[in-house]
Each structure stands twice: as C-alpha cells, then as structure tokens.
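Step one of this worksheet: look at the structure below.
Values in this text are rule-based calculations from the coordinates and carry no lab data. For clarity, every value in this text was computed on a predicted model and none was experimentally measured. Ideal geometry is used to build each Cβ from the backbone, glycine not excepted, and the neighbour counts take in all protein chains shown.
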Amino acid sequence: MIPVEYNTAVVLLGTAALGLAAGSTGSLALLRGRALLSDALAHATLPGICLAFLLTGSRSHPALLLGALATGALGVVLVAALSRRGRIKEDAAIGAVLACFFGAGIALSGAIQRRSPDAAQAGLDGFLLGQPAGMLLSEALTIAGVAVATLLLVALLAKEWKLVCFDPDFAAIEGWPVRLLDLLLMLLITTTVVLALPAVGVVLAAAILIIPATAARLWVDRLVPMLILASSFGVLASVTGTLLSARFPALPTGPLIVLAAGCLFLISLLVSPRRGIVARATAERRRRRERERRRLLGTIFTEQEAAPESPVSEGALARRRVWGPGRLRAHLEDARRRGWIRWGPRGIELTDAGRQRAARIVRASRIWEQYLLSQAQIDRDLIDLDAEEIGHLLPPHLVAELERSLADRGLLPLGSEGSPA
Amino acid sequence: MSGAPPPAIEVHDLTVSYHAKPVLWDIDVEIPAGQLVGVVGPNGAGKSTLLRAILGLVRPASGWVRIDGEPRRRGRHGCGYVPQRESVDWDFPVDVLDVVLMGTYGNLGWFRRPGRRERERAMHALEQVGMQDLARRQIAELSGGQQQRVFLARALAQDAPVYLMDEPFSGVDAATEAAIFEVLRTLRAAGRTVVVVHHDLQTVEEYFDHVLLLNLRLVAAGPIRDTFTRENLLATYGGRLTLLDEAAEAVRRGSVDTTAWRPPPDGAS
C-alpha cells in the first residue's frame, strides 16, 4: 500500500472525479461525433486563460477558468458557423479554429511572460500541460460537485441523448428539441473540458474525454454499460496517473493520466473479446484453416464426381494448382488424421464420414451459387460461405427450390440428400 | 362529397431549393386518407426531399403542409417515419429492442424511461415484422433487410395516423419485401395513410392504390388506374424510360449459363 499524503489525497479526489465525469461526457461526445470538436474546444481555451490573467492580474482558478470558458465556447460557435450549410467542411473548420486560437494563446502567454516573468509563469504554464499537484481542497471539491451533477444530468437525459445521437432526424420528427439537447450536450462537454484544464492542461484535456470512451466501446455494445465502463476507465486512469506522479515527482501528472488511459485503450484494443485484435485474428485464422479443410474435401469430392470409378491421385489434386505440394501434403495428412480420407492402394479415398461432410460442403456451396444466380433481389448479407448447413439461413421452401434446379442440372451432390436442410 | 374527411396530407405551393437550385418546384397535392401511396420518379427527382419537407426536416422556400387538415404537429399525433437505412450509424451501441423503443419515446415525454407497456408495444411491433427473436441482437449484426425491418418496427411503435417511408424496399431480400408489404396492407386496413418513396416501377401497380409521379415538379398524382400510365411515366422519366424498357427486355431474353462447383474463394473475405 502506498502511503498517501494529504496533498496527494486531495489531488486524487480531484482527478478521480474528473475521470468520472469525463468518461460519461466523452462517451456522448464520441457518439454524437464531437470528439474532434472537443479537442478544438480545449485548445481554444488558452487565449481566454491569458486574457483573463491580463484583465484581472489574478492567478486564481475561477477567473482564469471563466476566461477559458469564454474563448472555448467562442471557438465552438465559430466552428459551427463556419461549417454550417456545408460552407466549409467541419474537419477543416475545426483544424483552422484549433490552430488559430491555440496560436493566439501561445503568443499571449509569451507576451505575459516577458512582462511579468515571475508572477505569471508558474500559473500559466500549468495550464498548458496540467499541474494538479497544487490543487486545493476547495478546487477538488468543486470538481467532485460538478462530476456528480454531470452524472445526474446524464442519467436524467440518457434516453433523450441516445435518441439524438443515434438518429437526430427521427428525434426532430418525434418533437424533441434537437438543438436544445445538442446545446446542452455541448455545454456539458465544455464544462468538463474546462474542468480538466488545471489537471491535464489545454493540450491533453480532450484526451481524457475521448480515450476512456473509445476503450469502453471496445468492450460493450449498449449505451448505459458504455457510460459506466468509460467512467470507470476514466477514474482508473486518473488514479493511476496521479499515484505514479506522486511516486515519481519528476513526471508530470497530466501526461501520466493520459498515458494511463492510453494503456487501457491499448489493452482493450488487443484483448477485448469480440472487437479486440487478438480475438479477431484468432477467429480469422481458425476460419481460414476451416475453409482450407472444406476446400480440400470439396475438391476431392468433385474429382471423384467426375470419375467415380478411379480413386483421386495426389497429382490430380496438385494439378488444381490450389495448393503447393508441401501445403497439399500437410492438408491431406490433416484430413487423414481427422478420419476423412485414407490412402487406398491407388490413391486417395474419402471415408464414409469424409464423403458425407464433403457432400454437405459441395451442396451448400452450389446452393449459394444457385441462389446468387437465380435471385435477382437478394439479401447479400445472408450469404455465408462458411456455413455448411443452409437451413437456418434461407427459408426452407427457397432451399428446396434451389435444390430442385441443381438436381435438374445434375449438380446436386450424391449422398447429401439425406442431410438436414 | 361534402363532409368528406380532410386529406391526410395537403401540400400547397411547396418549393424547396438549395441555394439557387430548385429541388422541388411548386408542388400542390392532396393525399387521401387510408391509402397506400407510392412516390415515383427518377433519381434526383426530389422524392426524399418531399418526404423531408412534409416532416419539417427541410425548410421550404415557400409553401405549407397540413396533416389531417391541420398544421404539422410533432410528437404524439405526428408522422411515423422510416428513413433510408444508410441515414444512421449501424455501429451505434444499441440493440434491436432499444431502436424500436425509440418509437415510443414521443408518448413517454421527458425523463421517463420506457417501462413494461412500452416494451410490450415494441415487441408487438417486432412481431409484426417477424423480428421478435432478434430483439436482443446488436444492430451491427443485422443483415440489410433486417435493419430495414427494425426501422419499420420502430415506425409501427410510433402508432401514427400517417406514415412516410423512404425507399423501404430498396436493396432488401424477397422475404423482407413480402414482410414489408404485408405490414403496409395491415396499416391500410387499420385506416392509416402510408406514403412510400419507391424505385421499382414493376411493383407499383401491385403495391399501391395511389401514385405521385415526381420529377422536380409534380407530373401527375391520383389513383393508379388513371395516373400510372405510359404517357405520364414518359413525362416523368423523359428518354430514360426507354432505357429501362430495353434493360427489362434484355433481362427477359438473357439466359443463365450453368456453372459447376468451384472451390470457395480464398481466405480474403
């Protein structure tokens, strides 16, 4: 157990509350397509912070954050105005606003540093990359209060926001004030980003909204679980980053929090059971291997079909040029181990089990082909070339009809009639 | 005909334009209640825009729309809507039942969550389109035809007097097409008005009672018998109709060659 000092405990409270709010807000931002906009918003707060300092001469958080809120909101309004009615593409508008506002902020902070190097520097630099170490209890409690309010608002409006994020046109037809709901969501995003500034800074603030939400999406397929998981990831990342920074004071807290979130995302991307890279690669490899097995059986079956009296030679299979000699050998050996083929005196023979399976495979493949040929208006998504049984994919009467037309042309594999549709 | 009910939808003097380009030009039409109405015309004729203008999703340059004789209302007594399938992100984190439940939100109002009654209504709508077994399926895992049926079920859950559907038959399989048509007939039997943007001229006469022929302006509107004529279609499609004729003829003449089994395509799929 790491002994936690009072200061660290205060910072932990603040950053954990921030992660909690940012996870939920970030999920909604992501689903409404506002992830990039929240990044522009974060960068657009910098000139506001500088202007607020110039105007008030104070380094207190409330004054500076009010300034941040002002130019941040201005940036968002500007993006909306520029991209309205397709005047400028939204991503271009976001890029332009982000860069210009951030540039203005850097210029202003440079001017401030020259004028009063001692007083300004510490406070303003903290806003660039975040400096939560000096967080006061009152500030941490403010963040916690806002986080609780955020969660309440999300719980209250989950249904409405779900509808607006999924299908805004439908929401409008049903009488929901889509603009108002969008505005509320944007306000929530703005509040969260501004709140994140003292902790993770202008440059990285958007990351703690976007990354935990993106990671959560990889694990779950419904909205409420996504909100809960994203908030949990946010808290976990904040706590990890803060504790690491307390242990190694040379490392800044804000970037560590973002890095911790990045690690959670990376782990999710790798190992999430359905969308993860490992799971997908494994499934693809298994699918490919199965497909090769089916292809071999199907090929042997059709060779046999062409010349029922003579056994299939390895040479005949090699002439198909589907596999190189080494691969073919390996596949044949695999099929033999599985009891589908045996080496007869004059070549390869299908065992009874192998023949049955091969007939099923060839039948399914020919039915799909027939389906593609004969049905002009088809649901392509129903086609599954890996399926050996078609009955659960196509309506039975259609399968029967397809089989009839195959049988008419002598293409219905012998030995597959008995297999269930 | 005094005392006749007001038309389900009345569109007057409706013009929609993007910048200087008109998309719909001076549309004047009354759509009678309780009928299946097809909206037919070439690509870019403004069919979807007409639906969106009736729904209030695009702002017209001029003109007005009335539903059941009154200015358009939203929510409870508004319109049921089946948008084009491509209009939403099907990777959104919701399942089939979640989407259908969205059709009940209008009645629920602010802050209230769907309860047992809403769930029953949504399940009933899913049964009508034959999707009750897939209620808990993630929407990304549906086929195109199934996605279309989910949208139809959501509209059924709205329980509206007037339905507007944007190409519900587009790119769906035969089973889905039959299921959708069955739903349309049920709606008509219940006295609802259904307006359907449709692209397949072959099935217009079979599916609809009433037709709107549209190409920027309204070429003709009325009962199928009087309106869906060769002259009107020529006026709607211009020279392109002959192209269609030729294509249909080619398909009729064409033969399908026999093809033997080939090994399934290589892994990259």
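Out of A:261, A:279, report the one residue that is touching a residue at least 12 places away in the same chain (Cβ under 8 Å), hydrophobic (A, V, I, L, M, F, W, C), assigned to a helix (DSSP H, G or I) and in contact with a Pro (Cβ under 6 Å, 6 or more places away or on another chain).
That would be A:261, the only listed residue that is touching a residue at least 12 places away in the same chain (Cβ under 8 Å), hydrophobic (A, V, I, L, M, F, W, C), assigned to a helix (DSSP H, G or I) and in contact with a Pro (Cβ under 6 Å, 6 or more places away or on another chain).
Could you say which residue among A:232, A:245 is farther than 21 Å from residue B:95 by Cβ, more than 14 Å from every other protein chain (Cβ to nearest Cβ), surrounded by fewer than 18 Cβ atoms within 10 Å (Cβ to Cβ) and touching a residue at least 24 places away in the same chain (Cβ under 8 Å)?
A:232
Which ones in region A:310-323 are over 48 Å from the mean Cα position of the chain (by Cα) and either within 19 Å of residue A:362 (Cβ to Cβ) or among the basic types (Lys, Arg) (or both)?
A:310, A:311, A:312
I'm checking my understanding of the structure. Among residues of region A:298-322 that are at the interface with another protein chain (Cβ under 10 Å from one of its Cβ atoms) and of a type outside the set (Gly, Ala, Ser), which one is surrounded by the most Cβ atoms within 10 Å (Cβ to Cβ)?
Filtering region A:298-322 for residues that are at the interface with another protein chain (Cβ under 10 Å from one of its Cβ atoms) and of a type outside the set (Gly, Ala, Ser), the one surrounded by the most Cβ atoms within 10 Å (Cβ to Cβ) comes out as A:301.
Which residues, taken from region A:148-172, are of a type in the set (D, E, K, R) and under 12 Å from residue A:31 (Cβ atoms)?
A:162, A:167
Those residues that are among the hydroxyl-bearing types (Ser, Thr, Tyr) and free of Cβ contacts under 8 Å to residues at least 24 places away in the same chain, I need them from region B:100-116; list them, please.
B:105, the sole residue that qualifies.
For region B:171-186, which positions are more than 13 Å from residue B:130 (Cβ to Cβ) and more than 10 Å from chain A (Cβ to nearest Cβ)?
Of everything in region B:171-186, those that are more than 13 Å from residue B:130 (Cβ to Cβ) and more than 10 Å from chain A (Cβ to nearest Cβ) turn out to be B:184, B:185.
Sort out for me the helices (runs of 4 or more DSSP H) sitting completely within region A:18-126 that have 2 or more residues that are surrounded by fewer than 20 Cβ atoms within 10 Å (Cβ to Cβ) and touching a Lys or Arg at 6+ places or on another chain (Cβ under 7 Å).
Here the list is empty.
How about region B:20-114: which strands (runs of 3 or more DSSP E) wholly inside it have at least 1 residues that are within 10 Å of chain A (Cβ to nearest Cβ) and not hydroxyl-bearing (Ser, Thr, Tyr)?
In region B:20-114, B:79-82 are the strands (runs of 3 or more DSSP E) which contain 1 or more residues that are within 10 Å of chain A (Cβ to nearest Cβ) and not hydroxyl-bearing (Ser, Thr, Tyr).
Read through the list (1) within 13 Å of chain A (Cβ to nearest Cβ); (2) more than 20 Å from the chain's Cα centre (by Cα); (3) surrounded by fewer than 17 Cβ atoms within 10 Å (Cβ to Cβ), then give the number of the only condition that residue B:132 fails.
(1)
Looking at A:187, A:152, A:180, which is the one that is part of a helix (DSSP H, G or I) and away from chain B (no Cβ under 14 Å)?
Step by step, each of A:187, A:152, A:180 is checked, and only A:187 is part of a helix (DSSP H, G or I) and away from chain B (no Cβ under 14 Å).
If residue B:81 satisfies every condition in (1) surrounded by fewer than 24 Cβ atoms within 10 Å (Cβ to Cβ); (2) touching a residue at least 24 places away in the same chain (Cβ under 8 Å); (3) not hydrophobic (A, V, I, L, M, F, W, C) but one, which is the exception?
Only one criterion is unmet by residue B:81, namely (1).
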